[in-house]
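Nothing in this text is a laboratory measurement; each read-out follows from the coordinates by a stated rule. Computed from a prediction, not measured in an experiment: that's the story for all the values here. Here the Cβ positions follow ideal geometry from the backbone for every residue, glycine too, while neighbour counts run over all protein chains shown.
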Amino acid sequence: MLKKYSLTTLALTVCLLFLTLAPAFPSDEQLLTSKGQTVYVPAYSHIYHGNRESPLLLTVTISIRNISPTRSLTVTAVDYYDTQGAVVKKFITAPFILGPLGSERFVVPQKDEAGGSGANFIVKWHSVESLSPPIIETIMIGTQNQLGVSFTSRGQAISK
């Protein structure tokens with residue numbers, strides 16, 4: 001024979017079950033922070049279009065944005081790699097500091113085909129104190145005849 005439960009008891013049981021099985025959500029105090037990372041950022045010095053796979057050359061801008069309103073970070077590498085994984089260019093020769101809410105950008109000109117369709121950047125940064133990781137993105141823009149293309153790619157941390 002089935003027992004009758006009150007609506008309150010049933011609601012409490014469902015809530016407790018949900019809280020037990022639900023994944024933990026980070027509170028504001030548990031935002032992901034880091035003291036440094038190596039970040040892979042996709043880039044495309046050209047893409048292909050049409051049936052004959054005609055290349056469309058693109059200007060690539062990499063943007064590094066410190067999103068901390070109170071802490072600085074130090075960028076130690078901004079290296080550009082080609083489709084085969086060979087270094088094409090090291091954009092910095094010495095580390096530089098990005099202050100709170102600061103940003104920096106580097107540009108690969110549209111006429112520079114060296115990176116290829118599988119180009120990428122490796123950006124390394126560190127900080128004395130833990131902070132929210134910077135936003136690191138590439139912006140690709142190109143025009144040819146009446147065709148215009150623009151898109152972005154966001155970086156992905158590959159190591160701390």
**Asked** Past the 18 Å Cα-Cα mark, which pairs from K35/K89; K89/K160; K90/K124; K90/K160?
**Response** K35/K89; K89/K160; K90/K160
**Prompt:** For the residue pair S117 and I97, what label-to-label distance in nm results when each label sits 7 Å from Cα along the Cα-to-beta-carbon direction?
**Reply:** 4.4
**Prompt:** Suppose R0 equals 25 Å; then what is the FRET efficiency for T83 and A157 from their Cβ-Cβ distance, rounded to the nearest 0.05?
**Reply:** 0.70
